[in-house]
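**Q** For reference, the structure I am asking about is given below.
The values are calculated or read from the model by the stated rules, or taken from the named source; none is laboratory data. Just so it is clear, the structure is predicted and the values come from calculations on it, not from any experiment. Counting neighbours? That spans all protein chains shown, and the Cβs are built from the backbone with ideal geometry, glycine included. Just the protein is used for accessible areas: all its heavy atoms, side chains included, with ligands, DNA and RNA removed. Shrake-Rupley method; radii C 1.70, N 1.55, O 1.52, S 1.80 Å.
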Protein chains: 2
Amino acid sequence: MNRKSAHLTLETVEGTGQRFGVLTGSGMRMTLDDRNGQQGPTPVETLLVALGGCSGMDVVSILRKKRQDIRHYEVVVTGEQREEHPRRFQRIEILHRVHGADLSPAALEDAIRLSDTKYCSVHASLVPEIEIISRYEIVPA
Amino acid sequence: MNRKSAHLTLETVEGTGQRFGVLTGSGMRMTLDDRNGQQGPTPVETLLVALGGCSGMDVVSILRKKRQDIRHYEVVVTGEQREEHPRRFQRIEILHRVHGADLSPAALEDAIRLSDTKYCSVHASLVPEIEIISRYEIVPA
């Protein structure tokens, strides 16, 4: 069984703050906060982080298997939310920016496609009503 | 326009590590890592954190509006993933554990229902194939 967990504890019991201390099942700590508290990312930002990280780890792993020479790699995730409740995302763009020597666009396209359609657990957990666009930029090293 | 973003940079360019430093659009930093690196939560754990935080912030906010006397509040999120790719979640349980004086079960049930069905942007972003179960425990202070 592939089980994951997270334990969140409200740190701002007094007042109106909404800061939570988080301990994940793998023993990692982080802080979530609302827009006023600003001690950590908001939950909605955290969803984008989860998606970008999932996709980024897939892509870097596949590019390494394809022996691509990566010197620097960034993932920029941008999402637009609905104006009405529930304010789920309507559209998310995932930009993969890879710096390296002699990088193959075909290898990168293949890696992104495999992540989007097969490997990324977070991507596969999101409703199809969210338009998810993947793009890439290759920066020669 | 309600726009959110996150910028992830691969910190382990050499070797096989998959650690990403994250800067969110609201200026918050965190670290994501894979299971081997263990410098931060994994992307899949981070999805549970986003869901638990979103739901927890809704519930605490609604309980405060209903003038419930909260002394301690935890959210425990547990998810089971599919064994096959894509390993999206199959089932997620969100347990709200509220400690307080004279807490109203009806108020808590109402808060959870409003979050699950109306307010929680992360919940509304997840595919309906994921069975999401919300439970609660009231601990008298």
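**Q** Looking only at segment B:82-101, how many residues end up being open to solvent by 30 Å² or more (accessible area, probe 1.4 Å) and touching a helix residue (DSSP H, G or I) at 6+ places or on another chain (Cβ under 7 Å)?
**A** 4
**Q** So which pairs qualify, if the first residue must be in segment A:66-88 and on the phi > 0 side of the Ramachandran plot, the second must be open to solvent by 40 Å² or more (accessible area, probe 1.4 Å) and not in a strand (DSSP E or B), the Cβ gap must be under 7 Å, and the two must be at least 6 apart or on different chains?
**A** Hits for this filter: zero, empty list.
**Q** Would you confirm, using the coordinates I've provided, whether A:Gly79 is part of a strand (DSSP E or B) and among the small types (Gly, Ala, Ser)?
**A** Yes, satisfied.
**Q** Also, I was wondering about something else. Would you point out which residue out of A:Arg87, A:Arg135 is touching a strand residue (DSSP E or B) at 6+ places or on another chain (Cβ under 6 Å), at pLDDT below 95 and outside any helix (DSSP H, G or I)?
**A** Exactly one of A:Arg87, A:Arg135 is touching a strand residue (DSSP E or B) at 6+ places or on another chain (Cβ under 6 Å), at pLDDT below 95 and outside any helix (DSSP H, G or I), namely A:Arg87.
**Q** Condition (residue is assigned to a strand (DSSP E or B), facing another protein chain (nearest Cβ under 7 Å) and touching a residue at least 40 places away in the same chain (Cβ under 8 Å)) applied to segment B:44-59: is it met by at least one residue?
**A** no
**Q** Starting from segment B:124-141, take each residue that is within 11 Å of chain A (Cβ to nearest Cβ) and without any contact (Cβ under 8 Å) to a residue 60 or more places away in the chain and list its partners that are of a type in the set (Val, Ile, Thr) and assigned to a loop (DSSP other than H, G, I, E, B), counting only C-beta distances under 9 angstrom and pairs at least six apart or across chains.
**A** Partner pairs satisfying both residue conditions: B:Ala124/A:Val127; B:Ser125/A:Val127; B:Ser125/A:Ile130; B:Val127/A:Val127; B:Pro128/A:Val127.
**Q** Which residues, counting only those in segment B:55-79, are crowded, with 18+ Cβ neighbours inside 10 Å and of a type outside the set (A, V, I, L, M, F, W, C)?
**A** Within segment B:55-79, B:Ser55, B:Gly56, B:Asp58, B:Gln68, B:Tyr73, B:Glu74, B:Thr78, B:Gly79 meet the criteria.
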